[in-house]
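J.: Please read through the structure below; I'll follow up with questions.
The values are calculated or read from the model by the stated rules, or taken from the named source; none is laboratory data. The structure presented is a predicted model; accordingly, all values stated were derived computationally and were not measured. All accessible areas refer to the heavy atoms of the entire protein, side chains included, with ligands and DNA or RNA removed. Shrake-Rupley method; radii C 1.70, N 1.55, O 1.52, S 1.80 Å.
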Amino acid sequence: SIGAQGIDSTLSLAHKMYELERYEQAIPFYERARFFTPSGSLEASILFKMGECYRKSDQAKKSLDYYDRAYFNSTLAPEKQAALVAKIRALINLKEFHLALAEIYAANPNGAEEQRRLDFFTGICFYANGDFKGSFDNFLMAASGDSAKINALNKLFPDSTTLYRPRPKLAKKLSFFL
């Protein structure tokens, strides 16, 4: 067993690799820290970071398990919500829009900002599934009265005929919500 200083230095190195965007190199350090960390103390946050490393290193499918484990190992509502939102992002990256919607509907957002984020993700999922009206409605909810965002949406969807026709690169243009 390594001591607390060993765990701290291992976690520090893992965080440093993460900050340097060397995600694949950070994973073994997080795994080692998790192995030697007493159950429950830091486990959820380490599992979450491991999920982030996998997602950011183009292994979104593998990240799903770590987000689930982080969710179920955490006792704190904000940590649980962060794991759920990260899992939704990963599912959207994997184009698993129906599964992402199921996770969105299971979420309990903490505050208006988090609700807007979930509305935006719902809009993306609806758009990808061909429900352009539902997508537009969710993007409007995500705009939450912000006139600049609403004006931008109205420019993207100038009339009802373009609302129902998929347009290339729309998701990139809609990223102003995030």
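J.: State the percentage of accessible surface on region 22-138 attributable to carbon and sulfur atoms; use a 1.4 Å probe and exclude ligands, DNA and RNA. Please list the in-between numbers first.
T.: Numbers: 3140 of 5820 Å².
On region 22-138, the fraction of accessible area on carbon and sulfur atoms equals 54 percent.
J.: Can I ask one more? Can you give the accessible area per residue of region 16-126, in Å², using a 1.4 Å probe? Intermediate values should be presented prior to the final figure.
T.: Numbers: 5830 Å² over 111 residues.
Counting only protein heavy atoms, the per-residue value for region 16-126 is 53 Å².
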